1. Using the structure shown, decide if residue 4 is surrounded by fewer than 20 Cβ atoms within 10 Å (Cβ to Cβ), within 18 Å of residue 64 (Cα to Cα) and out of contact with any helix residue (DSSP H, G or I) (no Cβ under 9 Å at 6 or more places or on another chain).
2. Only one residue in 44, 94, 110 is more than 18 Å from residue 150 (Cβ to Cβ), more than 11 Å from the chain's Cα centre (by Cα), in a helix (DSSP H, G or I) and at pLDDT below 95. Which one?
3. Could you list, in sequence order, all residues of segment 88-104 that are surrounded by 14 or more Cβ atoms within 10 Å (Cβ to Cβ) and without any contact (Cβ under 8 Å) to a residue 40 or more places away in the chain?
4. Name, by its number, the condition in (1) more than 26 Å from residue 17 (Cβ to Cβ); (2) out of contact with any helix residue (DSSP H, G or I) (no Cβ under 7 Å at 6 or more places or on another chain); (3) part of a helix (DSSP H, G or I) that does not hold for residue 102.
5. Of everything in segment 60-77 that's under 21 Å from residue 14 (Cβ atoms) and not in a helix (DSSP H, G or I), which residue is modelled with the lowest pLDDT?
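The values are calculated or read from the model by the stated rules, or taken from the named source; none is laboratory data. Everything numeric here is computed off the predicted structure, so don't read it as measured data. Here the Cβ positions follow ideal geometry from the backbone for every residue, glycine too, while neighbour counts run over all protein chains shown.
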């Protein structure tokens, strides 16, 4: 299957637009609770990885949509962005686990799930690099699967902050 960017145009427009909209909404929600997020290591990790993940999805979609690129160019761009996201995710979970008094295994497992999605995308980008456009299916599936972790991570962040607010109100 040869690389036909036009065949993927609508998919990457929808996913990139959705990621951009979600990034804005999550950013506003986090801004309203910045103090609680800054003071809690798990909240900081979730905030960092959710914003990084959503922004990186937008960037990857935009790169795929740039005109006049070969499959190899798109694949290299995707791999570059994915490596950057993986580095941020690794450093963030490492910091969260080291700074936490009580380790949260769910935080680690969710991060591992996110890594798995990124690795699936990378594998797809490698297939795309060989000239086989079917690699974009793996990229697309990995991207969509990562939304599960990003959206649920944003939800857990907001619920966690609200729980802290309610606890503070109850003790006051």
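1. Values: surrounded by fewer than 20 Cβ atoms within 10 Å (Cβ to Cβ): yes; within 18 Å of residue 64 (Cα to Cα): yes; out of contact with any helix residue (DSSP H, G or I) (no Cβ under 9 Å at 6 or more places or on another chain): yes.
Yes: the conditions hold for residue 4.
2. On the way: 44 fails: more than 18 Å from residue 150 (Cβ to Cβ); 110 fails: more than 18 Å from residue 150 (Cβ to Cβ).
Sole residue among the options that is more than 18 Å from residue 150 (Cβ to Cβ), more than 11 Å from the chain's Cα centre (by Cα), in a helix (DSSP H, G or I) and at pLDDT below 95: 94.
3. Residues of segment 88-104 that are surrounded by 14 or more Cβ atoms within 10 Å (Cβ to Cβ), as a first pass: 88-89, 92-93, 95-97, 100, 104.
Scanning segment 88-104 gives a single hit, 97.
4. Unmet condition: (3).
5. Within segment 60-77, the match that is modelled with the lowest pLDDT is 67.
One line per residue, one yes/no per condition, for (1) in contact with a helix residue (DSSP H, G or I) (Cβ under 6 Å, 6 or more places away or on another chain); (2) buried (at least 16 other Cβ atoms within 10 Å of the Cβ); (3) in contact (Cβ under 8 Å) with a residue 60 or more places away in the chain; (4) under 16 Å from residue 53 (Cα atoms):
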| position | (1), (2), (3), (4) |
| --- | --- |
| 106 | no, no, no, no |
| 112 | no, no, no, yes |
| 120 | yes, yes, no, yes |
| 126 | no, no, no, no |
| 135 | yes, yes, yes, no |
| 139 | yes, yes, yes, yes |
| 142 | yes, yes, no, yes |
| 148 | no, no, no, yes |
| 156 | no, yes, yes, yes |
